[in-house]
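Worksheet for the structure shown next.
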Amino acid sequence: MAAIQQTQGDYTSSESTATEAIPFFDKTTDNQYKIAIYNTLGINYVNLFDYDNSIYYYNQAFNLAEDELQKAILKNNVAVVYMEKQDYPNAISILTPLVSIKKVTDNDENYARILDNLGFSYFKTGNSKKGLDYINQALKIREQIKDDFGITTSYYHLSDFYNKTNPVLSYHYAKASYAKATKINNANDRLESLEQLIKNSTGNQSKKFTTNYLHINDSLNKVRQKAKNQFAKIKYDSTKEKNENLKLKTQKAENDLLLEQEKNRSLTSYIIIVLVSSFLLFLYYYLTTKGKREKAKAVYDSETRISKKLHDELANDVYQTMAFVETQDLQNPVKKENLLGSLDKIYARTRNISRENSEIETGINFEEELKEMLSGYNNNQIKIIIKDNGDINWIKIQTEKKIALYRVLQELMVNMKKHSQCSFAAVSFDSNEKFIQIDYADNGVGMNNTQILKNGLHNVENRIQSINGTITFDIETNKGFKAKIAIPK
């Protein structure tokens, strides 16, 4: 499952699924399964730009590997992480010993991959002669074994190599890389090749490559999102069926137990059962009545809050729109456009009210729901960045704290969208022995104490205090807005 999600580019979900497999490891588990999981996590983390975790899991896999070729492949993966970090000297120190291992040199595909990475690293450290030699050696092997995926990478590296010294040759290799990537239908490599072509072209040609890049990138995002949604449904249906089967088995076991007890029940048992049943009935009645009262109060509070939002945020917009329709000539394109804008504004407010008052999933899917809520504020004007090192065990966090935190972050995001005028906002999650720590920051206009009260952020403070947490605001105007939240575990 994690491998499929990774192939579809859903690295966050793949990381979550792979992590679910780790608790099943025991002394009898074949090391190959462990290596596969750790390698999957290493790939996920490098694509999520969490390089330290990527190196950690590659090394975990390396420590379990017994085959020399497999060890070399994992070491190459670690070197790739250092290349992503632009730490090319470290990458060279890891790759150099690998080219002397017989099992590596006997395996053309992996030998070419290591040579190519080594050559590119030498090029990036300024040793162009040595770099070009290794890259060409790798290309020759790949052409001999007809490794189109590898040839695409070699052409791309050669294009980068000649980018400054020979733009014409750089353009030639970028175009060759793009052609190979198109042949094997590798969208990511096509995008990288198009970036090189854009760098080495001008005018209409550059515009053509840019348009092609945007089209492929948009199509790739749509395909990945569709795959993500389909996979989520498959997991949901599977879990639902499994739970229903478990429920039926539980009911059958309970029925069998009741029948057995019925056969062996004595007078004393009858008395005990009557007493226990009476107590349970009383307790059930008491708890049910109490629950109904609490639920009625919660419904009332929720209805009051929604009613206030409808009156304060929606009613005026609807009234103004009705007045506009009654008094304006809607055949006029400008007036018609204004009407559509007003309707869109009303729709957005309605959707936000619905989102803010929807039920919150507090079970095993809480983390995914929380991140999806935060990502939902991502648009063409605002980029949302989520950083999570994955060390928070949300299952052990109390439901009340999850709900409070969800609503607090939701209110911060709503405030950001309404008032901050920012182009990006970042939310990071961290944890220590005693606290969960969440940091929010944006590059907007910031606010002072008066604006915090005016914008309703005092509700945020009340929510955090209700779960014995703390929240502090950075109120330097025109330097963005920051909030630090600490919640006891």
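The values are calculated or read from the model by the stated rules, or taken from the named source; none is laboratory data. Keep in mind that this is a model prediction, so the values were computed, not measured. For neighbour counting, all protein chains shown are included, and Cβ atoms are generated from backbone atoms with ideal geometry for every residue, glycine included.
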Yes/no for Asn53 being crowded, with 16+ Cβ neighbours inside 10 Å, in contact (Cβ under 8 Å) with a residue 24 or more places away in the chain, on the phi < 0 side of the Ramachandran plot and over 25 Å from the mean Cα position of the chain (by Cα): no
For Lys387: the one exception among (1) in a helix (DSSP H, G or I); (2) charged (D, E, K, R); (3) at pLDDT 90 or above: (1)
Asn212 vs. criteria under 29 Å from the mean Cα position of the chain (by Cα), exposed (fewer than 14 other Cβ atoms within 10 Å of the Cβ) and without any contact (Cβ under 8 Å) to a residue 24 or more places away in the chain: no
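Filter the range 56-72 for residues that are in a helix (DSSP H, G or I) and either hydrophobic (A, V, I, L, M, F, W, C) or loosely packed, with under 14 Cβ neighbours inside 10 Å (or both) and give the result.
Residues of the range 56-72 in a helix (DSSP H, G or I): 56-64, 68-72.
Once the filter is applied, which keeps residues that are in a helix (DSSP H, G or I) and either hydrophobic (A, V, I, L, M, F, W, C) or loosely packed, with under 14 Cβ neighbours inside 10 Å (or both), the range 56-72 yields Ala61, Phe62, Asn63, Leu64, Glu68, Leu69, Ala72.
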Matching residues in the range 1-43 - criterion: being exposed (fewer than 15 other Cβ atoms within 10 Å of the Cβ), of a type in the set (Asp, Glu) and assigned to a helix (DSSP H, G or I): Glu20
Among the candidates His172, His157, residue that is crowded, with 18+ Cβ neighbours inside 10 Å and either of a type in the set (Gly, Ala, Ser) or modelled with pLDDT under 95 (or both): His157
